[in-house]
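One structure below.
The values are calculated or read from the model by the stated rules, or taken from the named source; none is laboratory data. Since we're looking at a predicted model, the values are computed, not measured. Backbone-built Cβ (ideal geometry, glycine too); neighbour counts: all protein chains shown.
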Amino acid sequence: MTTGDESRINTSQAEPLQQGVSRSDLSGNGAAPPGHHTAHIDTPDGRRIWRDMLDHAPQLETLIRYIALLQARTAGLHLPWYQQELFERRFFRVPSPVTGRMIHSGEARLAGAHATIFRLPDIPGLLLASTGLSDAQLTGIRSTDGRPGGTRRPAGTETAGDKSHPIDAILAPGLNATLLFGAREAAPLPPDALNAFPAPPQAVTSAIAVYDPAIAPDTLLPLIHEIAALPRYVAPVRISGLPASLTEIAARLSQVETDGSGPSPASPLTASGQVVFRLG
C-alpha cells in the first residue's frame, strides 16, 4: 500500500508554484512540431524533449522523482504502487508537473500490445504511460546537477515487482513528444498513443484490469492475494482475461471481482469514463 507514503516525499524542490498550463501549450490544440519524437531522458534527444516540457511543466522533475521513489519502495511486491491505488479508489495520486501539488489520475486506456495511457484531468496537456517493460531497471534523479538520470539495479537483485508494468513515460501531445524515464529497452508506444483521449475528460464510473499473458504464471497467485488484501473505498476493479484456474481462485476471494476467464474482456475497453489498465 502507498497510503501515507507521499506525505514523507518532498515535492517542493523546484521553483515556487506556477500557474496552470493552457490546453494550447501541450495538448495538441495549438501548433505542434511535425513528427512524433520519442527519446529516453538520458539521451541528447531526451534532454531536448525534457527542456521543451519544462517550459510548460516546471515541476516535471518532482513528478518523476515521486514515481521513481514509489516504484523503488514497492519493487518487492507483485502489484505496482499505482495499481494498488487504482484497486483501492480507481485513481492514483502524483504531484502536478505544473504546481507540485498532489493531483489525481483520470481515465486510462490500453495502447498497443502492452502499454497503458493515463490521463491527468488537471493537466490536459500531459499524459502518463506504462510502456509495459521495466526489465529490472528503475529511474533515479541525480541531485548533483538537478538533472534526471537513470540508474541500473545490480544484476541478481531483481524481484517480481521489476517484471511488471511501471509508469515510465510522459507524453506531450502538443509537442508530439514522448519522454521515457524508465528502462532504456522499453517497447515503443504505438503512433496513436498521443491521441488516446480525443474526447474531453469524463468522470470515472468503472475500472477494468486486463490480464497480460506476458506476466509469469508463478506471480499471478501472489498478485491476486495482494489485491484481495487491499482496502476498498469504491466498487471493486474488475479483472478480465485471467486463466480459468486463477478465475476460480479469485472467485473465492470476496474482494476480487472478475469478468470470468478467457482472452477477451466481457466489457468494451474504449468507452469514456473508464480506467482500463494492464494488470501487474
Review point. Would a scan of the range 220-241 turn up a residue that is out of contact with any Ser or Thr (no Cβ under 6 Å at 6 or more places or on another chain), modelled with pLDDT under 75 and exposed (fewer than 15 other Cβ atoms within 10 Å of the Cβ)?
Key: no
Practice item. Return the residue satisfying two criteria in turn: it lies in the range 112-124 and is buried (at least 24 other Cβ atoms within 10 Å of the Cβ) and over 18 Å from Ala203 (Cα atoms), and of such residues it is modelled with the highest pLDDT. Key: Thr116
Study note, to complete from the structure: In the range 99-115, anything within 19 Å of Tyr66 (Cα to Cα), touching a residue at least 40 places away in the same chain (Cβ under 8 Å) and out of contact with any helix residue (DSSP H, G or I) (no Cβ under 9 Å at 6 or more places or on another chain) is listed as Thr99, Arg101, Gly106
Review point. Which of the residues belonging to the range 163-179 are farther than 17 Å from Pro80 by Cβ and under 15 Å from the mean Cα position of the chain (by Cα)?
Key: Leu171, Ala172, Thr178, Leu179
Practice item. Can you give me the number of residues within the range 68-92 that are more than 14 Å from Val275 (Cβ to Cβ), surrounded by fewer than 22 Cβ atoms within 10 Å (Cβ to Cβ) and not small (Gly, Ala, Ser)? Key: 3
Point to revise | Single residue of Pro213, Pro200 found to be over 21 Å from Gln274 (Cα atoms), surrounded by fewer than 14 Cβ atoms within 10 Å (Cβ to Cβ) and not basic (Lys, Arg) | key: Pro213
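Yes or no, residue by residue, for (1) in contact with a Cys (Cβ under 7 Å, 6 or more places away or on another chain); (2) modelled with pLDDT under 90; (3) surrounded by fewer than 15 Cβ atoms within 10 Å (Cβ to Cβ):
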{"position": "Ala129", "(1), (2), (3)": "no, no, no"}
{"position": "Gly140", "(1), (2), (3)": "no, yes, no"}
{"position": "Ala169", "(1), (2), (3)": "no, no, no"}
{"position": "Thr178", "(1), (2), (3)": "no, no, no"}
{"position": "Glu185", "(1), (2), (3)": "no, yes, yes"}
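Do we find that Ala203 is closer than 19 Å to Phe91 by Cβ and in contact with a Gly (Cβ under 9 Å, 6 or more places away or on another chain) in this structure?
Working: closer than 19 Å to Phe91 by Cβ: yes; in contact with a Gly (Cβ under 9 Å, 6 or more places away or on another chain): yes.
The answer is yes for Ala203.
Quickly run through the range 42-62 and pick out the residues that are polar (S, T, N, Q), in contact (Cβ under 8 Å) with a residue 24 or more places away in the chain and not in a helix (DSSP H, G or I). Break it down stepwise before answering.
Within the range 42-62, the subset polar (S, T, N, Q) is 43, 59, 62.
Checking which are in contact (Cβ under 8 Å) with a residue 24 or more places away in the chain leaves us with 59, 62.
Within the range 42-62, Gln59 is the sole residue that qualifies.
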